[in-house]
Every structure is written in C-alpha cells, then in structure tokens.
Amino acid sequence: MATAASSGSSTTPASQFAESYVTEDLVLRTARSLAREVGLDAVTPGTGAALRLLAAAGSARAVVEIGTGTGVSGVWLLRGMRADGVLTTIDVEVEHQRIARRIFAEAGFPSGRTRIITGRALEVLPRLADGAYDMVFVDTEATNFSSCVAAALRLLRRGGVLALHGTLADGRIGDPAARDVETVTTRETIKALRESEDWTPALLPVGHGLLAAVKC
C-alpha cells in the first residue's frame with residue numbers, strides 16, 4: 001500500500017455492503033489510521049480481502065509487494081499466505097516501512113515472514129529471481145504499471161498471480177473523455193493484459209479496482 005490519498009471508490013449500497021462484508025481487526029484499523037496520517041490511501045477492506053483470497057487460493061509461499069505503505073495490504077497478504085510464506089515488500093519511504101514493520105509484529109508475524117527492502121521498485125525488481133514467486137501485488141503510480149507488469153511476468157512462476165491496484169482510476173476508467181496521464185496509462189495497461197497471451201485477467205470492481213491476472 002503506497003499510493004497517495006485520492007478521492008476514493010464507488011459508494012453505491014452494493015459496494016458499501018461488499019466493503020463491510022469482511023471486518024478489520026485493531027491491527028488493520030491502526031495501520032489504516034497511520035496511513036491516513038502520512039497521506040497514503042490504503043487498500044480498502046474489500047480489496048484486502050480479495051488479496052488474502054488470491055494468496056490463499058494459490059497457497060502462496062513467496063509474494064512480492066510493490067508499495068509497502070504502513071502495512072495494510074501486507075497484513076492482508078500475509079494472512080492469506082502459507083504459514084511458512086515470506087512477503088518481500090518494497091518501498092522508497094523508510095518511515096512508512098518503519099511503521100509497517102511495527103504493524104507486522106503487532107499482527108503476530110515473526111520478522112522472518114517479511115523481507116523489507118527500501119528502494120525504488122524498478123531498481124530493486126531486477127535483483128529478484130526469475131520464476132520464484134507465487135504472487136506479485138502492485139500498488140504504485142500508474143506511470144509505473146507497464147514496467148511492473150513486465151517485471152511480474154519474469155518473477156512469477158507459471159500459474160502465479162499478478163494483482164494490480166487502482167485500475168478503476170477513481171471511476172474514470174470507463175469515461176472516454178478522461179484523458180489524463182494516469183487514466184490513459186491505466187487503460188492501456190489493462191487493455192494490454194487483456195490482449196496478451198501471457199495472462200488470463202479479470203478486472204475486479206473492489207475498492208479502487210483490482211486487476212487480477214494469472215500467468216499462463
């Protein structure tokens with residue numbers, strides 16, 4: 001979780017019900033409050049539950065998270081992963097990662113369950129091993145989407161899952177008149193995933209949008 005705070009997601013009664021379907025405990029509520037304090041927009045509870053589901057369905061043991069934030073998405077991912085799984089989480093902000101480290105400990109995860117790397121994702125990802133990961137979660141600026149998707153294709157094993165956060169572009173994704181850089185880049189990325197023979201994708205309308213794709 002590392003994106004700057006934005007205008008939020010859909011607030012229809014159905015989406016509100018979906019977001020409240022899974023409740024968050026004190027640890028997640030604390031991490032979410034800390035995210036707001038430092039100006040970050042944490043994944044919604046519905047998105048977190050979807051991430052946990054994807055990690056659990058794939059019995060994920062090795063997961064890469066691009067955008068540590070204050071640990072909201074990391075906790076959700078860890079709770080879906082295998083008990084011996086390791087989350088490799090990358091962020092450029094040391095202070096955010098300091099908070100996340102505390103949150104992971106409060107959630108009951110030993111330090112060996114996380115590998116926290118400080119740095120720019122596009123500089124760190126080339127150092128990670130090919131085909132060694134079960135899941136890659138991308139929560140970064142839309143301008144980095146294409147590069148992160150390319151990296152995920154290399155990092156994931158066959159059958160591994162890519163999850164791309166923010167793919168509804170705050171509701172602008174379906175508006176042809178929306179031509180800002182973020183929306184156009186997001187639109188191009190999800191179209192490329194849909195048309196690629198390397199991925200089997202689905203766009204999930206939870207939170208700010210979650211594009212999930214399985215590597216073929």
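The values are calculated or read from the model by the stated rules, or taken from the named source; none is laboratory data. Please read these numbers as outputs of a predicted model, since none were measured by experiment. Note that we place each Cβ from the backbone using ideal geometry, even for glycine, and neighbour counts take in every protein chain shown.
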Revision key, fill the gap. Going through (1) outside any strand (DSSP E or B); (2) touching a residue at least 40 places away in the same chain (Cβ under 8 Å); (3) crowded, with 17+ Cβ neighbours inside 10 Å one by one, residue 146 fails only at (3)
**Study point:** Residue satisfying condition, being within 19 Å of residue 34 (Cα to Cα) and surrounded by 19 or more Cβ atoms within 10 Å (Cβ to Cβ), within set 68, 88, 114
**Key:** 68
Practice item. Within region 62-106, track down each residue that is out of contact with any helix residue (DSSP H, G or I) (no Cβ under 9 Å at 6 or more places or on another chain), part of a helix (DSSP H, G or I) and under 12 Å from residue 117 (Cα atoms). Key: 94, 97, 98
Review point. Looking at this structure, is residue 175 modelled with pLDDT under 95, more than 28 Å from residue 216 (Cβ to Cβ), assigned to a helix (DSSP H, G or I) and touching a helix residue (DSSP H, G or I) at 6+ places or on another chain (Cβ under 9 Å)?
Key: no
Review point. How about region 28-53: which of its residues are at negative phi and surrounded by fewer than 19 Cβ atoms within 10 Å (Cβ to Cβ)?
Key: 29, 33, 36, 37, 38, 53
Review point. Taking the condition in contact (Cβ under 8 Å) with a residue 24 or more places away in the chain, surrounded by fewer than 22 Cβ atoms within 10 Å (Cβ to Cβ) and under 30 Å from residue 20 (Cβ atoms), does residue 171 pass?
Key: yes
Exercise for review: Check region 126-133 and report whether any residue there is part of a loop (DSSP other than H, G, I, E, B) and buried (at least 16 other Cβ atoms within 10 Å of the Cβ).
Suggested key: yes
**Study point:** Positions within region 136-171 being hydrophobic (A, V, I, L, M, F, W, C) and touching a Gly at 6+ places or on another chain (Cβ under 9 Å), in sequence order
**Key:** 136, 137, 138, 142, 145, 152, 155, 156, 161, 164, 168, 169
**Study point:** Test for residue 99: is it buried (at least 17 other Cβ atoms within 10 Å of the Cβ), among the hydrophobic types (A, V, I, L, M, F, W, C) and under 12 Å from residue 136 (Cα atoms)
**Key:** no
Review point. Restricted to region 122-143, and to residues that are among the acidic types (Asp, Glu) and in contact (Cβ under 8 Å) with a residue 40 or more places away in the chain, which residue is nearest to residue 88 (Cα to Cα)?
Key: 134
